[in-house]
Amino acid sequence: AHPVVAIAGATGAVGSEFLKVLHDVDFPASEVRALASARSAGRKLPFAGCGQVPAGEFVVQEMTPESFEGVDIALFSCGASVSKELRAAVTAAGAVMIDNSSAFRMDEDVPLVVPEVNPDDVAWHNGVIANPNCSTIQMVVALKPLYDLSPITRVVVSTYQAASGGGAPAMAELYDQTKEFLDGKTDDELTVSAFQHRIAFNCIPHIDVFLDDDSTKEEWKMVVETKKIMGDQGIKVAATCVRVPVLRCHAESVNVEFAGDVSVEAARAALAATDGITVMDDCATNTYPMPGLLAGTDDTYVGRLRKDDTVEHGLALWVVADQIRKGAALNAVQIAQLLVPTA
Ligand code: 2RA
């Protein structure tokens, strides 16, 4: 009843957030292991405690295939190649791997789960459950209650994605580059390594690699993952993904086309009634979600709800969520909670 939880990649932006979320939801663990690469082994991480695990400090252990013996749930956030390398060891140990990388998301035998949307899909896992891409997660959370009003036929989305999607080094790059830029450094003098170009005072319409059709892999993920999570291959998605100089919340402009009519009022009521969604939408008081002001929150925030009358049945909305929490660590821990119903 009290699972042993391993955190693979504990020193990363998402990894260290796993520790905070386990505490915040008081996950009923009997043991938590903080694992990372040899380079990070020995580092100390504070932990506020959860379940039967008291507050204290973890010394990060080097992750090896043997690290998973006795583990029930392994929360992974260390990149696709490490997840692929360790999958067999994790599942052979009898643990369920909840993987934040893109390694297995589209595999037919791997559920891709957002608990507000398709919680029942955890039932058919074979040892691995994938956590979707961050930009997909927050969009489908907002789409699901709308889909329940009338099937969605087409979505056009443009994202405004925070530096945190590139991990802790990318956040540091935004921060340091901004200071260097204000200190007068020129583009030739600035350090650019986490992104393709300077991110300070800039927007970069390029996340992940380019594909043969000139879209990016990030845009492709939003297309294919949305269909898989929503369980409807008929939903057409057109995505443009853009990196913006924000630290940790992604924002999205979403135009939704439905099979039948959905009024703004019905959409607002359905969104407001959904756990995990906060509607912030009042033009009279300039109220709408903003990514710079929502860091560290758990909900998916929706605002700027209005009719899109360029199509027969259309709505437009603006969606914001913390990329490290709902876009990654929190969603993964919520999946773990589905596996431990008493959690
Ligand atoms: C990004 N989608 O924002 C990625 C993170 N998973 O770069």
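The values are calculated or read from the model by the stated rules, or taken from the named source; none is laboratory data. Please read these numbers as outputs of a predicted model, since none were measured by experiment. Note that we place each Cβ from the backbone using ideal geometry, even for glycine, and neighbour counts take in every protein chain shown.
Restricting attention to strands (runs of 3 or more DSSP E) lying wholly within the stretch 30-148, give those where 3 or more residues are in contact with a Gly (Cβ under 8 Å, 6 or more places away or on another chain) and either small (Gly, Ala, Ser) or closer than 30 Å to ILE277 by Cα (or both).
none
How do the pairs read when you match residues in the stretch 94-115 that are within 16 Å of LYS228 (Cβ to Cβ) with residues anywhere that are more than 15 Å from the ligand (Cβ to nearest atom) and part of a loop (DSSP other than H, G, I, E, B), using Cβ under 6 Å and keeping only pairs 6 or more apart or on different chains?
Close Cβ pairs satisfying both conditions: PHE104/VAL110; ASP109/ASN126; PRO111/HIS125.
Based on this model, can you work out whether ALA48 counts as modelled with pLDDT of 95 or more and crowded, with 19+ Cβ neighbours inside 10 Å?
No: the conditions fail for ALA48.
Kindly indicate the residue of the stretch 259-293 that is in contact with a Ser or Thr (Cβ under 8 Å, 6 or more places away or on another chain), among the β-branched types (Val, Ile, Thr) and under 13 Å from TRP318 (Cα atoms) and also surrounded by the fewest Cβ atoms within 10 Å (Cβ to Cβ) among those meeting that condition.
Only one residue fits best here, namely THR278.
Considering VAL155, VAL244, which residue is within 27 Å of ILE277 (Cβ to Cβ), away from the ligand (no atom under 13 Å from the Cβ) and in contact (Cβ under 8 Å) with a residue 24 or more places away in the chain?
Just a single option satisfies the conditions, and that option is VAL155.
Is it the case, given these coordinates, that ALA142 is touching a residue at least 60 places away in the same chain (Cβ under 8 Å) and away from the ligand (no atom under 16 Å from the Cβ)?
So ALA142 fits the description; yes.
What number goes with the only condition from (1) outside the structural domain of THR191 (by TED's automatic domain parsing); (2) farther than 20 Å from ILE324 by Cα; (3) not aliphatic (A, V, I, L, M) that PRO115 does not pass?
Against the list (1) outside the structural domain of THR191 (by TED's automatic domain parsing); (2) farther than 20 Å from ILE324 by Cα; (3) not aliphatic (A, V, I, L, M), PRO115 comes up short only on (2).
So if I check each of ALA259, ALA251, ALA272, ALA266, which one is among the aliphatic types (A, V, I, L, M), assigned by TED's automatic domain parsing to the domain that holds MET290 and within 16 Å of the ligand (Cβ to nearest atom)?
Just one listed residue meets the conditions, ALA251.
I need the full set of residues from the stretch 200-241 which are surrounded by fewer than 16 Cβ atoms within 10 Å (Cβ to Cβ), closer than 27 Å to LEU190 by Cβ and aliphatic (A, V, I, L, M), in order please.
VAL209
Condition (residue is among the β-branched types (Val, Ile, Thr) and in contact with a strand residue (DSSP E or B) (Cβ under 6 Å, 6 or more places away or on another chain)) applied to the stretch 134-148: is it met by at least one residue?
Checked against the condition, which is being among the β-branched types (Val, Ile, Thr) and in contact with a strand residue (DSSP E or B) (Cβ under 6 Å, 6 or more places away or on another chain), the stretch 134-148 yields at least one hit.
What number of residues within the stretch 137-152 satisfy the criterion of being over 13 Å from the mean Cα position of the chain (by Cα) and either among the aromatic types (Phe, Trp, Tyr) or within 12 Å of THR226 (Cα to Cα) (or both)?
Going through the stretch 137-152 one residue at a time, the tally reaches 5.
Scan the stretch 158-211 residue by residue and report those that are assigned to a loop (DSSP other than H, G, I, E, B), small (Gly, Ala, Ser) and in contact (Cβ under 8 Å) with a residue 24 or more places away in the chain.
Residues satisfying the conditions are ALA162, GLY167, SER193, ALA194, ALA200.
Let's see how each residue does on (1) touching a Ser or Thr at 6+ places or on another chain (Cβ under 8 Å); (2) farther than 16 Å from ALA34 by Cα; (3) more than 15 Å from the ligand (Cβ to nearest atom):
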| position | (1), (2), (3) |
| --- | --- |
| VAL71 | no, no, yes |
| CYS78 | yes, no, no |
| SER83 | yes, no, no |
| ALA88 | no, yes, yes |
| ALA92 | no, yes, yes |
| MET97 | yes, no, yes |
| PHE104 | yes, yes, no |
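I'm told ASP188 meets every condition in (1) charged (D, E, K, R); (2) farther than 25 Å from PRO111 by Cβ; (3) within 19 Å of the chain's Cα centre (by Cα) except one. Can you identify the failing condition by its number?
The failed condition is (3).
Within the stretch 305-343, work out how many residues are crowded, with 24+ Cβ neighbours inside 10 Å and part of a loop (DSSP other than H, G, I, E, B).
2
Restrict the check to the stretch 111-124 and report whether at least one residue is away from the ligand (no atom under 16 Å from the Cβ) and closer than 22 Å to GLY9 by Cα.
yes
Going by the structure shown, is LEU174 in contact with a helix residue (DSSP H, G or I) (Cβ under 9 Å, 6 or more places away or on another chain), farther than 24 Å from ASP275 by Cα and surrounded by 21 or more Cβ atoms within 10 Å (Cβ to Cβ)?
So LEU174 passes the test.
Test each condition in (1) within 30 Å of PHE195 (Cα to Cα); (2) assigned to a loop (DSSP other than H, G, I, E, B); (3) charged (D, E, K, R) for LYS228 and report the one that comes out false.
Of the numbered conditions (1) within 30 Å of PHE195 (Cα to Cα); (2) assigned to a loop (DSSP other than H, G, I, E, B); (3) charged (D, E, K, R), the odd one out for LYS228 is (2).
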